[in-house]
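Reading through the C-alpha cells given below for one structure.
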Amino acid sequence: MLREAFPCLHQQVNGKDLVYFDNAATAMRPQVVIDAVNDYYCRHNANIHRGVHCLSGRATDLYEQARASLARLIHAPSPDNLIFVRGCTEAVNLVAQTFVRERLKPGDEILISHLEHHSNIVPWQILCQQTGAKLKVIPMNDRGELVLDELDTLMNERTKFMSVIHVSNALGTINPVKELIAKAHAKDIPVLVDGAQSTPHLKVDVQDLDCDFYTVSGHKMYGPTGSGVLYGKATHLEAMPPYHGGGEMISKVTFEETVYNKVPAKFEAGTPNIAGGIGLGAAAEFMLDVGLEAIAQREDHLKQYTEQALKTIPGLRILGEASQKSPVFSFLIDGIHPHDIGTIIDHHGVAIRTGHHCTMPIFQFFDVPGSCRASLAFYNTEHEVDILVESLNQAKAMFS
Ligand code: PMP
C-alpha cells in the first residue's frame with residue numbers, strides 16, 4: 001500500500017499511533033525522495049554546472065533531470081520555463097521585484113484575493129510601498145468562495161498584475177483560476193497563480209490554464225523543505241531583469257559590465273539547494289507514478305468522509321464550505337480554544353494545526369482569531385478520520 005512508502009507516518013507519538021493531519025503545513029516524504037537526497041550526498045556530491053569532473057557531471061544531470069520531471073508534472077512546455085527557488089514565498093517575491101516592479105508607476109494597481117496566504121500579500125505590499133502602487137482585493141463570501149461580481153471594476157486600466165491562490169491552505173477552497181486568468185488576459189493583465197496547495201492534490205496544467213507564472217512549493221508536494229519551482233512563460237523570463245546577482249547567473253563579468261546567463265540560469269544565482277532540487281524531482285516522479293487523477297480521486301473521497309464525520313460532532317462549525325474544495329477543514333468547537341483542542345488531541349496522537357495559518361485576513365473576515373485545521377493527503381485513511389472525531393469528542397467531554 002502507498003502509505004508504506006512514507007516512513008515518518010509509521011510511528012507512535014504520546015503512546016498512540018500517529019495520525020498526521022497537518023499536510024497543508026508540510027507533507028510527509030516518501031522513501032524515494034529521502035533516498036534521492038541521500039544518494040546525492042553519498043554518491044554524487046559535487047557542485048553543478050561548472051565542473052569538468054565526473055561527479056559534477058552526474059550531479060548536474062540529476063539536477064536537470066529533476067527540472068524536467070517538474071516540467072512534466074505541471075505540463076510546462078520546456079524545463080527551461082522552470083526556475084528553482086526555495087519555495088512559493090521566494091517565487092512570489094522574485095516575480096514582484098522583477099517582472100512587476102518594472103511595470104508599475106504611482107496609482108497603478110495589483111489585484112489579489114481575500115483568500116491569499118501572507119506570502120501572496122506581503123511581497124505586494126512591499127512593492128506598493130516601493131512604487132506608490134495600490135493593492136486591491138477580490139472579496140470572499142461566508143462559504144469561503146471568491147465573489148466575482150465586482151471583477152469588471154476591480155480589473156481596470158490601472159490594474160497591472162493579478163496574483164491569486166489556486167487552492168486555499170486555510171479553507172481548502174479551489175478557486176476558478178482558469179476563468180480568472182481568461183478575464184484578466186482579456187484586459188491585458190498578466191497573472192501569477194500560487195500553486196502551493198494545488199500541486200500536491202490536483203492535476204495542474206500551466207499551458208491549459210494559460211497563467212503567466214505558477215509557483216510550486218516542494219515541501220507541500222512530498223519533496224524536501226526549502227525547494228520549489230517558479231514556472232514562467234518564456235517571453236516573460238527572457239524579458240525580465242535578474243533577481244539576485246552572483247555566480248551562475250552570468251556569462252561574462254568585467255568591472256565595467258556583466259552579461260547575464262540565459263534563462264533559467266539568469267535567475268539562479270549562487271550554489272542552489274542541489275539535494276533539495278533532486279529530491280523534488282523524485283517527488284514529482286513519485287506523484288506521476290501514483291497518478292495525479294488517482295490522488296485527486298482518493299482525496300475527494302477522504303474529503304467527503306471527513307466532512308460527514310466532523311458534522312456528527314455537536315457544536316463543531318466548519319469555516320468555509322466552498323462547493324469546490326480540497327480536503328482541508330478549518331473548524332471551531334463552541335467554548336473551546338483551538339490551541340486547547342490541538343494540544344488535547346495531540347495526546348491521542350493526532351497532529352492538526354491551530355491558529356491563523358498565515359491567512360489573518362480570512363480570520364478577520366470570520367471575526368475569529370484562528371481555527372483548528374485538519375488537512376489530509378491521499379495516504380490518510382478513514383480510520384484516522386474516525387480517531388480524529390473520537391479525540392475531538394473526548395476534548396469536548398473534558399470541557400463540558
Ligand atoms: N501559499 C500557500 C497557499 C501556502 O500554503 C504556503 C505555505 N504554507 C505558501 C504559499 C508558502 O510556501 P513556501 O513554504 O513554499 O514558501
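Computed from the coordinates by the stated procedures, all read-outs in this text should not be read as laboratory data. Everything quoted here is computed from the prediction, not taken from an experiment. Here the Cβ is made from the backbone with ideal geometry for all residues, glycine too, and neighbour counts use every protein chain on show.
A few remarks follow.
- Close amide H pairs (under 5 Å, H built 1.01 Å from N) link TYR260 with SER251, residues at least 5 positions away or on another chain.
- Gain in span if fully extended, GLN31 to GLN207, counting 0.36 nm per residue against the direct Cα distance: 60.3 nm
- Within segment 7-24: backbone nitrogen closer than 14 Å to the ASP340 label point (7 Å, Cα to C-beta): none
- Modelled label reach - MET360, point 7 Å along Cα→Cβ, segment 116-153 residues with backbone N closer than 11 Å: 118, 122
- Our coupling estimate for segment 352-357, obtained by passing each phi through the Karplus curve with A = 6.51, B = -1.76, C = 1.60 and θ = phi - 60°, is 10, 10, 10, x, 9, 6 Hz, Gly and Pro reported as x.
- Within segment 66-179, percent of DSSP bridges classed antiparallel, to nearest 5: 20
- Reach of LYS203 by Cα under 28 Å, taken over lysines that are not fewer than 8 positions away in the same chain: LYS178, LYS183, LYS187, LYS220, LYS233, LYS303, LYS325
- Shape category assigned to segment 246-309 from the gyration tensor of Cα positions, a/c cut at 1.5: prolate
- Of GLN65, GLN12, GLN31, the one that fluctuates the most in a GNM where the chain has Cα springs shorter than 10 Å: GLN12
- Percentage relative contact order, the chain, counting C-alpha pairs under 8 Å, at least six apart: 23
- Listed by chain and number, the lysines placed with their C-alpha closer than 20 angstrom to that of LYS396 are LYS16, LYS311; residues fewer than eight positions away on the same chain are left out.
- Top positive-direction residue, dipole computed over the chain with Cβ charges, set ILE121, ALA377, TYR20: ILE121
- Centroid-to-centroid separation of segment 120-136 and segment 341-361 [C-alpha atoms, Å]: 31
- In segment 32-289, the DSSP beta bridges split such that about 50 percent are antiparallel, to the nearest 5.
- Check: segment 32-289 dipole with +1 on Lys, Arg Cβ and -1 on Asp, Glu Cβ, in debye: 400
- Kyte-Doolittle mean at least 0.5 and Cα axial length at least 18 Å: DSSP H helices in the chain: 274-290
- Here the extension length gained between ARG3 and GLN394 equals 138.0 nm, from 0.36 nm per residue of separation less the Cα-Cα distance.
- Model label points for HIS53 and THR225, set 7 angstrom from Cα along the Cα-to-Cβ axis, are 3.1 nm apart.
- Estimated at 0.36 nm per residue, the fully extended path between GLN324 and GLN125 surpasses their Cα-Cα distance by 68.8 nm.
- Candidates CYS128, CYS211, CYS42, ranked by Gaussian network fluctuation over the chain, Cα under 10 Å, top entry: CYS42
- For LEU115, net neighbour charge (Lys/Arg +1, Asp/Glu -1) across residues whose Cβ lies under 11 Å away: -3
- By the helix-only formula, in which each DSSP H run with n ≥ 4 contributes -39500 (n - 2.57) and the sum is divided by residues, the chain has a 222 nm mean residue ellipticity of -10500 deg cm²/dmol.
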